[in-house]
Amino acid sequence: MDVSFLIHVSHMKKLLVFSLLMILPFPAHAQRIADSALAGGGLGTRIVAVVNDTVITTVDLDQRMKLAAFSAGLPADNAEVRMRLLPQILRALVDEQLQAQEAKRLDLSVSREEIDSALKQIAKDNNIPGDILQFVESHGVSPKAMRDQVKNGLLWSKVVQRSLRPRVDVGDDEIDAMIDRVRANTGKEEYLVSEILLTVDNPKDEDQVRQVAENLVAQIRAGANFAAVARQFSQGAGAAQGGDIGWIQQGQLAPEINKALQSAGPGQVSAPIRTATGFHILGIRNKRTISLGDPGKASVDLKQAFHPYTPDTKAGVMQEAFRMRSGVKSCATLERDLTKFSGWKPQKLGEVTLAKAPAWLADTVRNVATGGSSEPLETEKGAVVLFVCNRNETATVDRDAIMRTIGTEKLELQARRLLRDLRRGAYLDVRLGKS
């Protein structure tokens with residue numbers, strides 16, 4: 001199934017595009033010199049990096065630093081903040097030059113009208129009245145720095161649309177597989193997550209990237225806007241959307257991230273999490289139970305295992321309930337499996353609509369996966385374990401929406417790979433700190 005006509009890159013949709021960032025080798029001595037000079041404002045006007053045939057100057061670096069700090073709600077006049085963020089800002093500028101050069105090679109351009117339209121959309125999204133360039137200038141930020149960033153983002157979007165989108169294809173088997181995964185996880189928890197990813201491409205950059213990640217966490221917890229920080233600094237696929245990576249199911253991401261999700265609640269920001277890719281900062285925006293349809297209209301097909309008890313036998317029966325539960329392989333084999341446990345009787349409860357069921361029953365089975373069983377329950381007459389044999393959802397699956405989701409993920413992955421290839425083939429000379 002060809003989705004090239006359906007997938008609209010999130011960069012263009014938001015009209016607020018910020019480059020995916022990179023980790024360049026940035027020697028420790030250069031870091032120290034740059035930190036000291038920037039903190040004291042003593043760099044002067046010099047070339048800090050050469051990207052093929054383009055130069056990046058200290059003026060470019062300082063203007064972008066102010067823009068990034070302002071956009072993310074960070075204190076631009078704080079020497080420590082500037083020192084920690086300097087490497088990331090320089091890498092972003094290098095990436096933008098690579099992207100703009102690729103656009104030039106493809107003979108792509110952006111009109112003044114397109115840039116103005118994007119700036120108006122940014123102002124609207126952020127509830128900024130009037131001219132956004134005048135607004136940022138009144139806060140000490142260079143209008144040119146903002147205009148250049150938006151222009152380069154739009155150019156990169158056109159590169160992605162021209163070079164990569166025609167290659168993206170989503171098959172029916174991929175859509176079916178995603179629907180099956182959602183159905184298999186119905187009843188489990190999923191999390192609405194924003195992410196800031198700082199990759200570690202070179203082991204010697206480990207400590208430096210960790211320090212940047214820890215500083216960003218501190219600033220966000222102190223009140224900086226997570227989405228704005230993600231747009232400026234994240235190297236993840238959702239950077240252009242403020243780090244939004246959507247609803248994430250348990251076990252869908254790396255084990256280290258999954259563990260952090262399970263212990264976090266809505267509104268929390270995680271400490272930096274190290275994975276094989278780099279350092280992840282998670283913002284947990286919400287949590288819900290997985291369902292393809294309206295959870296209030298969902299129904300479940302239930303069976304139960306029951307064992308009567310008296311006050312004297314209650315403790316023993318409840319203890320045995322855990323052993324019985326682990327000994328039942330599935331709903332289909334419940335009756336046969338229970339013959340191994342004395343006193344336990346199966347019962348078919350049939351289809352139960354959660355919205356009409358007693359609250360205790362709905363709450364118990366709502367988070368039980370299909371084919372799973374509940375924790376043993378104590379009732380007045382005995383112990384009960386509920387088994388969810390099937391779930392029936394009332395909503396029609398939106399295959400087009402799922403196709404667009406898969407297609408966008410594929411497209412952004414290819415964009416990251418293209419940028420990586422551009423880095424590898426480029427002449428890069430980071431001069432900051434060499435003199």
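Readers should treat all values here as calculations from the given coordinates under stated rules, not as data from a laboratory. What you are looking at is a predicted structure, and each value in this text was computed from that prediction instead of being measured. Because the Cβ atoms are built from the backbone with ideal geometry, glycine has one as well, and the counts that use them run over all protein chains shown.
Around the Cα centre of region 295-392, unit charges on the Cβ atoms of Lys, Arg, Asp and Glu (plus for the first two, minus for the last two) sum to a dipole of about 260 debye.
Less than 11 Å Cβ to Cβ from ASP337, Lys/Arg counted +1 and Asp/Glu -1: what total charge do the surrounding residues give? That works out to +3. Estimated from the Cβ-Cβ distance and a Förster radius of 60 angstrom, the FRET efficiency linking ILE179 and VAL59 is about 0.70. Using C-alpha pairs under 8 Å with a sequence gap of at least 6, the mean separation divided by the residue count of region 187-291 gives a relative contact order of 44 percent. For region 187-291, a simple Cβ point-charge model (Lys and Arg +1, Asp and Glu -1, everything else neutral) yields a dipole of about 320 debye relative to the Cα centre. Among residues other than VAL269 whose Cβ falls under 13 Å from its Cβ, what is the net charge (Lys/Arg +1, Asp/Glu -1)? Neighbour charge sum, excluding VAL269 itself: 0.
Ordering of 56-68, 274-286, 355-367, 85-97 by packing is 85-97, 56-68, 274-286, 355-367, highest average first (other Cβ atoms within 10 Å, averaged per residue).
Once both labels are positioned 7 Å from their Cα atoms along Cα-to-Cβ, the gap between LYS144 and ILE128 label points is 1.8 nm.
Of the cross-linked pairs LYS188/LYS303; LYS188/LYS329; LYS303/LYS356; LYS314/LYS348; LYS158/LYS188; LYS66/LYS259, those separated by over 28 Å at the C-alpha level are LYS158/LYS188; LYS66/LYS259. Judged by the mean number of other Cβ atoms found within 10 Å, the most tightly packed of the peptides 368-374, 178-184, 316-322 leads the ranking 368-374, 316-322, 178-184.
Mean sequence separation of contacting Cα pairs (under 8 Å, at least six apart), scaled by the length of region 222-369, corresponds to a relative contact order of 17 percent. Within the shell defined by Cβ-Cβ distances under 14 Å, the residues around PHE306 carry a net charge of +2, with Lys and Arg each +1 and Asp and Glu each -1. A dipole drawn for region 187-291 from +1 and -1 charges on Cβ atoms has a positive end, and of ASN286, GLN232, ILE257 the residue lying farthest that way is ASN286.
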